[in-house]
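Let me begin by presenting the structure, written as structure tokens, before commenting on it.
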Amino acid sequence: MILVAVSGGIDSMCLAEKVRLQGGPFAIAHCNFSLRGAESDADEALVRSWAHSHGIRCHVKRFDTHSFAGAEGISIEMAARRLRYHWFGQLCREFGYEAVAVAHNANDNAETLILNLLRGTGLRGIMGMKAHGFIPDPDFGDIPLLRPLLEQTREEIEAFAREHGVPWREDSTNAENDFKRNKLRNLVFPVFREINPSFIQTLNRDMERFAHEMREGDASGAMATPGRVRGRGPLPETVRGVTSLSENEFSVHEETWDGTEPVKQPAGTLIMDADAAGFPAGSTPVFGPWESGDWIKPLGAPGKKKMQDWFTDHHIPADEKPFVPLLRSPADRHHILAVAGHCIDHGVRVTASTRRILRISVKND
């Protein structure tokens, strides 16, 4: 059973209707961010009414988004994003929902790509959103996040709404250009459409093509970046276990080492002293997302570095931080032993006294 996020806008109302027509069990969740007064309350009323008329369970929560944003020192948009995904995760844990479905569409994906490019982005930002991912929240990073409408344009969604008589409410702030996304949607995309009427489909095909090429890797073998790691080649025969974060999966291979052969670290592979890391024989190290207070002593560095500063040094965009896989020390959860595909902590390096090592490699798709 899935949980469908429904704001009351045309995209999410159409998503709820499509899921309903499929006939499977589901529930809906509505966030009232208390940002537009009576308009926000009217959105909530529409969602409640629609759910009641179809006998669908409806979860509703009201947030003080302005206060949360001020306390955290973040934008209203980022505050709303963090609040909703954390609540969705809580609902899944409490009620046993297996996944969360959101109504991002092809237009949203194209907007996100352009915004990423304008501010500077890593490979993940160029590949765009994925139809299947995981909730971007440190506490619920193992809960699947689905985007069933990602290949549909807003025009196609509007046509479906008219054909099936789907009710929806228009957010009046969509016509304002206070937010970057609105400026792009209202001022820039019309010019793009004049140049290429099917530019939305073109940009989405480009993102899909780039993501496919990254999964395949280049002719020389493997590609690796801090935020997303992909590799090619056979996995070790002896695998202790597999752990995952977002779309990354890692095989963990434990072996003895007598120090007679040099340790080679291919792209996408981390090799460390298992005993220095504190992992008992046969255990499976677990990767997780970044948390406030995390730190690492990068290999060869003179001292500790906050992961926040590490991200800044390596130009990792803010929205990619939750997807950078970090290996935590079993003794101190804020001590990061490795950043997948990039570096290990100086304290777990292989030395002459090392007798047991871990090879942590990306598992192929």
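The values are calculated or read from the model by the stated rules, or taken from the named source; none is laboratory data. None of these values were measured; they are calculated from a predicted model. For neighbour counting, all protein chains shown are included, and Cβ atoms are generated from backbone atoms with ideal geometry for every residue, glycine included.
Annotation note: of ARG185, ARG162, ARG193, the sole residue that is under 18 Å from HIS104 (Cβ atoms) and not polar (S, T, N, Q) is ARG185. The strands (runs of 3 or more DSSP E) found wholly in segment 1-81 include none carrying at least 2 residues that are over 16 Å from PRO167 (Cβ atoms), in contact with an Asp or Glu (Cβ under 8 Å, 6 or more places away or on another chain) and of a type in the set (Asp, Glu).
For segment 83-98, filtering for residues that are buried (at least 18 other Cβ atoms within 10 Å of the Cβ) and either modelled with pLDDT under 95 or part of a helix (DSSP H, G or I) (or both) leaves 8. Scan segment 36-51 and give yes if some residue there is at pLDDT below 95, hydrophobic (A, V, I, L, M, F, W, C) and surrounded by 15 or more Cβ atoms within 10 Å (Cβ to Cβ), otherwise no. Taking every residue of segment 36-51 in turn, none turns out to be at pLDDT below 95, hydrophobic (A, V, I, L, M, F, W, C) and surrounded by 15 or more Cβ atoms within 10 Å (Cβ to Cβ).
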